[in-house]
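Heads up: the structure comes next, in structure tokens.
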Amino acid sequence: MRIDKYLNAVNITKRRAVAEDMLEHKVVFINGQVVKKAKEVKVGDIIEIKYLEKTDKFQVLQIPTTKSTPKSKMEEYIKKC
């Protein structure tokens with residue numbers, strides 16, 4: 001699954017447009033490297049998002065098969081590092 005779709009599907013971002021904007025401004029990293037929106041996410045990858053005042057890291061546990069997942073099942077797909 002593409003990183004822009006993944007961020008939206010597992011509820012890290014509220015909209016895919018927000019994820020695309022973050023990727024455009026180079027604040028999203030996978031395994032320490034800046035990525036573009038077409039980058040494929042794999043199980044075990046570490047996603048890092050650098051905000052102005054903090055940095056969030058997530059480990060990919062599973063790739064969702066649906067377009068969106070409920071927030072209650074977020075822990076099945078990502079683990080905060």
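The values are calculated or read from the model by the stated rules, or taken from the named source; none is laboratory data. Keep in mind that this is a model prediction, so the values were computed, not measured. Don't worry about glycine lacking a Cβ; one is built from the backbone with ideal geometry, like all the others, and counts go over all protein chains shown.
Can VAL41 be described as modelled with pLDDT of 95 or more, among the aliphatic types (A, V, I, L, M) and either surrounded by fewer than 17 Cβ atoms within 10 Å (Cβ to Cβ) or more than 11 Å from the chain's Cα centre (by Cα) (or both)? No: the conditions fail for VAL41. Please verify whether GLU24 is surrounded by fewer than 19 Cβ atoms within 10 Å (Cβ to Cβ), over 19 Å from GLU75 (Cβ atoms) and over 12 Å from the mean Cα position of the chain (by Cα), treating the condition exactly as stated. Considered against the rule, which asks whether it is surrounded by fewer than 19 Cβ atoms within 10 Å (Cβ to Cβ), over 19 Å from GLU75 (Cβ atoms) and over 12 Å from the mean Cα position of the chain (by Cα), GLU24 comes out as yes. Figure legend. Inter-residue proximity from segment 9-33: first residues on the phi > 0 side of the Ramachandran plot, second residues in a strand (DSSP E or B) and not basic (Lys, Arg), beta-carbon distance below 9 Å, spacing 6+ or different chains. Indicated pairs: ASN11/ILE78; LYS26/VAL34; ASN31/ILE46; ASN31/ILE47; ASN31/GLU48; GLY32/ILE46; GLY32/GLU48.
Every condition in (1) assigned to a loop (DSSP other than H, G, I, E, B); (2) in contact with a Lys or Arg (Cβ under 9 Å, 6 or more places away or on another chain); (3) surrounded by 12 or more Cβ atoms within 10 Å (Cβ to Cβ); (4) of a type in the set (A, V, I, L, M) holds for ILE12 except the one numbered (2).
Here's a check for you: in segment 56-72, which residue that is among the polar types (S, T, N, Q) and out of contact with any strand residue (DSSP E or B) (no Cβ under 6 Å at 6 or more places or on another chain) is modelled with the highest pLDDT? The residue in question is GLN62.
Filtering segment 37-75 to residues that are over 16 Å from ASN11 (Cα atoms), part of a loop (DSSP other than H, G, I, E, B) and without any contact (Cβ under 8 Å) to a residue 12 or more places away in the chain leaves LEU52, GLU53, LYS54.
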